[in-house]
Amino acid sequence: MKKSLSLVWLLLLIASGLFPCQLPASDADYQQGMKALSSNDFSTALRYLELAVAGDPDNLRYGSDYRQAIIRSKEFDRALKFFDQATAQHPKSANLRLNYGFAYVDKIPAAGSITQVILANNALTEFTRSLELKPSWIAYYTRGTSYLFWPKIFKRAALGVADLQRAMEIQKSEQRHRYHVKAYIALGDGYWKTDDLVKARVAWEAGLKEFPASAALQQRLSLKGDELKNLIEAQFDPAARVNTDLRDLWTD
Amino acid sequence: MDGLKIFKAYFTLAVFCASTCAWAADGAQTAIRFEEIGAKAGIRVQHHTRRFHGKNADVLRMFTSGGSAVAVGDYDNDGYEDLFVTDSDTGKPNHLFHNNGNLTFTDVAAAAGVAGGNDPQSVVSDAIWFDYDNDGKLDLLLARFGTPILYHNEGNGKFKDVTASAGLTKFANTIGVIAFDFDNDGHLDLLFANYFRPVNLQDLKDPHVLPNDLDNATNGGGVTLWRNTGKGTFEDVTEKAGLGKVKGWALDVGHGDFNNDGLQDIYIACDYGTDHLFMNNGNGTFREVTDKATGWDTKKGMNVDVADYDNDGWLDIYVTNITDEYMKECNMLWHNSGDGTFIDVAKETGTCNTGWGWAAKFGDFDNDGWQDLFVVNGLRSAGPESYVPLLLPVLTTPGLDITDVNNWPDIGGRTWSGYQKKHLFHNLANGSFKEIAADAGVDNEMDGRGIGMGDFDNDGRLDIVQTNADQPLLFYHNVTAKVGNWIELKLIGTGKSNRDAIGARVKLTAGGLTQIREIDGGNGYSSQSTRRAHFGLGHAGKIDRLEIWWPSGRVEAVSVPVNRVTYVEEGQGVIKR
């Protein structure tokens, strides 16, 4: 009797897809993709990672790792095409939009200077759509930082500061994470870019109070004048690859 | 970027330099100085960009804001370098400045018959001197947005328009031209850089004439290669030579023997796209080697100058690009690795950022044996408002047809990348340069275009003519004290070499340093410098070895005195002028 009950239970589990040894399809695809990636089999990796993202579009990790694979394989246009189609199929997925925006950012270092402007603007559009779907720390932080990459002449740094202030508000109401230090750094940089060095230092000092080991904050607070300018400008060099790997969000 | 190759290049230079850079170290103390004497010399003429008509006038004027060119050459063989300076607006005359021999000039363009060219349908954009018929007198070619004009030097101070009989009747929107003998047949050929595709901008029927992509445009004018038949005519051999596939917005072209095989190769700088490097096959055709040789570039090639800046025996290439607060492209100094590849060392050498770059020219301004670099820049220095923010919607509006002139905003009284200081980079003889424009007195903020270098007073110091768009010309007289010893060679080819000796290579060893020069036929945007080979010798009071590798293939060793301009004829050695 006991044995037959177990069998029924097992069958029920299988039928409902909850059998513990059976991974969800998208996760299985993700695992296959990452395995292929580890052996530099980009063709297989990208195929499986795309299946993973398509199966779980709001999964930031799948999208982020897919983009990192794209960066390694330099198939930037493939990613843009994929995200374009995926967002059309899943218009309400905020995190998919976020990864779509990052896919534009990922291509910037490989593009000519004017195409970089177009890509950056497209990224901003996707970041905004993501925010409209789901205001979150990562969405505000991402768009806010993105504004700071724009040359001063386009006057977008103030918009960046506003977004980063919202990110700060959110993180103050959340459980503390190590990645929150990034908002302090970026907010200070934003103030610096709007010529408010006093507020910049206040933001960096507040960050250092909460994250005393932060080398980035220490460095900013230790520099002045051209040295500080050079440091911040190097941070926002459009030709340099920006780290868009979002793993901090799930490893912290 | 290949770090190992850069390391090797610097290591080689460092080892070599350890024994040869003594003068250069002194040279670093020598203050390079120039005095601007354009007005006193009688050549401070104002340039005018072409004014267009109709609703697209402002945008077209903006996209054609070049045309301020200078060509250096001794057209009357009196031993002094003369100047041809272009204008571009309708009816505005060009200038032929005859060098009076005392650092003053007389404009004889009208009397010589070369003032014209800016008719209502054509815009003069560039000019070069070259002796196309090897008669010993420099002829003059005007490149235009339109058909070119070839003037034959009649030898009596007059020029005759021989364009039609020469067959140079093809319309193109040419912005740059060089003369060189690509097939080594002894007759100088012409390579045109064409900006727009061949549409008449003066009478625009279709407004879709602007670049179809601002980084990878494929709808430009490409290049045209005209082969000199040796019978007073030219034939278009662009396709046959393998250059027909260049569809970009060619803004400048340059030539040199980049692989030391005795054949002239070419570099094509393209605005809105990737530059092209073609190697000469020696059979009238070229092969493109861009992917292997240079690879990715910053997509706004504006200038091509060629020199062996590090004295390693291989010609390097300098290309200006656009670097400003809103666009960080960085120039490219392509260091020739000698193995068919080039490494961009602009950042490492300190020559990366020169603003909105135009012409750049190498020259040894203090005669220390190491070639320095002068770069001009600037676009549309006007009112306090910037045009740049107005461009953002053009770039980012989805679906906007950027080829349509009507979709670009008028610039009006706004500034684009204006009021930029010029750059003079002193070669430190260690693989890097030091920016010294302010100390040297050349850090003007005009909208520079062309650079004509030459020794206009035959004192062994290279002077500079800077042309500017919609602004007056500047003439910088080199007054550097305590320069090193020098020689200048005026080469005269004979037999199977072209008479101008364009493409000839001179190899000089003195004071433990070996340098090379190649005679070029107009390298550098909107400009042609002297065709004399100028060498600085530093402290060296004698030349250990001087070899001339003529285009014909003949190699000739000659002995020449220092601190003199010397004429050398192929097969004859040193001759009297």
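Every read-out reported here was derived from the displayed coordinates using simple, explicitly stated rules and does not represent laboratory data. Remember, it's a predicted structure, so these values are computed and weren't measured experimentally. Backbone-built Cβ (ideal geometry, glycine too); neighbour counts: all protein chains shown.
Numbers at a glance
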item	result
Where only alpha carbons of chain A are counted, the Rg and the Dmax (Å)	21.1, 81
Per residue convex hull volume, Cα atoms of segment B:508-577, in Å³	110 Å³
Loop-located GluC sites (Glu not before Pro) in segment A:120-205 whose Cβ has at most 15 other Cβ within 10 Å (DSSP)	A:GLU174
Coil-residue trypsin sites (Lys or Arg not before Pro) of segment B:274-332, DSSP, other Cβ within 10 Å capped at 10	none
Most fluctuating residue given options A:LYS134, A:LYS172, A:LYS193, as computed from a GNM of chain A linking Cα atoms under 10 Å	A:LYS172
Scaled radius of gyration (Cα, divided by 2.2 N^0.38 Å) that chain B gives	0.89
Sequence-distant residues sharing a close amide H with B:ASN321 (under 5 Å, placed H)	B:ASN331, B:MET332, B:GLY357
Label-point gap, in nm, between A:PHE236 and B:ASP401 - each point 7 angstrom along Cα→Cβ	3.6 nm
Principal axis dimensions, segment B:319-379 - Cα atoms, whole angstrom, descending	35, 30, 17
Dmax and Rg, reported as Rg then Dmax, of segment B:268-322 (C-alpha, Å)	12.2, 36
Options A:VAL53, B:GLY378, B:GLN420, ranked by Cα towards positive dipole end of the protein assembly as shown, top entry (Cβ charges)	A:VAL53
10 °C / 1.306 mPa s Stokes-Einstein diffusion coefficient of segment B:247-361, Kirkwood radius on C-alpha pairs, µm²/s	113 µm²/s
Computed Kirkwood radius, in angstrom, where 1/r is averaged over Cα pairs of segment A:34-93	11.4 Å
Stokes-Einstein translational diffusion, segment B:197-317 - Kirkwood Rh over all Cα pairs, 1.002 mPa s, 20 °C, in µm²/s	137 µm²/s
Cleavage-rule hits, chymotrypsin sites (Phe, Trp or Tyr not before Pro), segment B:118-191, DSSP coil, Cβ neighbours within 10 Å at most 16	B:PHE171
Projected area averaged over orientations for segment B:412-525, convex hull of C-alpha atoms, nm²	10.2 nm²
Amide H contacts under 5 Å for B:ASN281, placed H, 5+ residues apart	B:PHE286, B:ARG287
Calculated Rg and Dmax of segment A:118-252 using C-alpha coordinates, Å	14.2, 40
Virtual spin-label span in nm between A:GLN219 and B:ASP161, 7 Å along Cα→Cβ	6.4 nm
Span-rule helices in chain A, defined as complete DSSP H runs reaching 27 Å or more along the axis (Cα) with Kyte mean at least -0.5	A:113-133
Simple Cβ-charge dipole of the protein assembly as shown, Lys/Arg +1 and Asp/Glu -1, about Cα centre, in debye nearest 20	2660 debye
The protein assembly as shown: radius of gyration over Cα atoms, expressed as a fraction of 2.2 N^0.38 Å	1.07
Amide H contacts of B:HIS423 (H built 1.01 Å from N, under 5 Å, at least 5 apart or other chain)	B:VAL375
Chain B: relative contact order in percent, alpha carbon pairs under 8 Å with at least 6 residues between	16 percent
With 10 Å bins from 0: P(r) over segment B:195-235, alpha-carbon pairs, percent	24, 34, 25, 16, 1
Kyte-Doolittle mean at least 0.5 and Cα axial length at least 15 Å: DSSP H helices in chain B	B:3-20
